[in-house]
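**Student:** This is the structure I want to talk about, given as structure tokens.
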Amino acid sequence: MSTIFAKIIAGEIPSDMVFQDDQVTAFRDISPQAPTHILIVPNREIPTANDVSAADEQLLGHMFVVARQLAAEEEIDANGYRLIINCNEHGGQEVYHLHLHLLGGRPLGPMLTRRT
Ligand code: DGP
């Protein structure tokens, strides 16, 4: 089933889009957790990280290259940033269309807070 990201990719609902090509679309997160918070989304609907296959290897690598380019454009590359993919309930995934979070622009602190 399609998510809201399919409509953003198709331009059917507005977003603050920062990059699009024939493989991926990148737009600013509606609820930013850092000064830079961009979502890099494959145009093809892959629900979760559990659904990737060998056929997606080039696409997944391209998402990484786009993330690196956007980090440079945002001028967060030198200080550093974080790339996150959430998967399913325990991973905290809210939108079931695979996406890479690019977060930066401030020190992001520890990756996780231990709650046992
Ligand atoms: P995740 O928990 O990894 O599934 O993150 C989903 C992110 O998507 C979350 O940080 C908020 C963002 N988001 C949800 N709906 C919209 C939307 O309609 N527009 C934009 N730009 N971001 C959205």
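**Student:** If I take every Cα pair under 8 Å that is 6 or more residues apart in the chain, average their sequence separation and divide by the length, what percent do I get for the relative contact order?
**Tutor:** Computed over the chain, the figure is 30 percent.
**Student:** If you place +1 on the Cβ of every Lys and Arg, -1 on the Cβ of every Asp and Glu, and leave all else neutral, what size is the dipole of the chain about its Cα centre, to the nearest 20 Debye?
**Tutor:** 480
**Student:** Further question: Under 15 Å from the Cβ of L102, count the other residues' Cβ atoms, weight Lys and Arg +1, Asp and Glu -1, and hand me the total.
**Tutor:** Summing Lys and Arg as +1 and Asp and Glu as -1 gives -2.
**Student:** Moving on to the next point. Taking H placed 1.01 Å from N in the peptide plane, check which residues at least 5 places from D29 or on another chain put their amide H under 5 Å from its amide H.
**Tutor:** The answer is H37, I38, L39.
**Student:** Further question on the same structure: On full extension of the chain, what length is gained from A72 through N88, given 0.36 nm per residue of separation minus the C-alpha to C-alpha distance?
**Tutor:** Result: 2.8 nm gained on full extension.
**Student:** In whole percent, and with a 1.4 Å probe on the protein chains, what portion of the accessible area of the chain is carbon and sulfur?
**Tutor:** 52
**Student:** Also: What percent of all Cα-Cα pairs in region 4-76 falls in each 5 Å bin, counting up from 0?
**Tutor:** Pair shares across the bins are 3, 15, 26, 24, 20, 9, 2.
**Student:** I would also like to ask the following. Rounded to the nearest 500 deg cm²/dmol, what is the calculated helix-only ellipticity per residue at 222 nm for the chain, with -39500 (n - 2.57) per DSSP H run of length n ≥ 4?
**Tutor:** Helix-only estimate at 222 nm: -6500 deg cm²/dmol.
**Student:** Divide, for region 36-105, the radius of gyration over alpha carbons by 2.2 N^0.38 Å, where N is the residue count.
**Tutor:** After normalising by residue count via 2.2 N^0.38 Å, the value is 1.12.
**Student:** I would also like to ask the following. Compute the accessible area per residue over the chain, keeping the other protein chains in place, probe 1.4 Å, unit Å².
**Tutor:** Accessible surface, normalised per residue, equals 64 Å².
**Student:** Arrange the peptides 41-48, 88-95 so that the one whose residues have, on average, the most other Cβ atoms within 10 Å appears first.
**Tutor:** Ranked by mean Cβ neighbours within 10 Å, highest first: 41-48, 88-95.
**Student:** Still on this model: What's the center-to-center distance, using Cα atoms, between region 1-29 and region 37-116 in Å?
**Tutor:** Spelled out, the Cα-based centre of one part sits 15 Å from the other.
The values are calculated or read from the model by the stated rules, or taken from the named source; none is laboratory data. Values in this document were obtained by computation on a predicted structure and should not be read as measured data. A quick note on method: Cβ atoms are made from the backbone with ideal geometry, for glycine too, and the neighbour counts reach across all protein chains shown. Quick note on the areas: whole protein, heavy atoms, side chains included, nothing else; ligands and nucleic acids left out. Shrake-Rupley method; radii C 1.70, N 1.55, O 1.52, S 1.80 Å.
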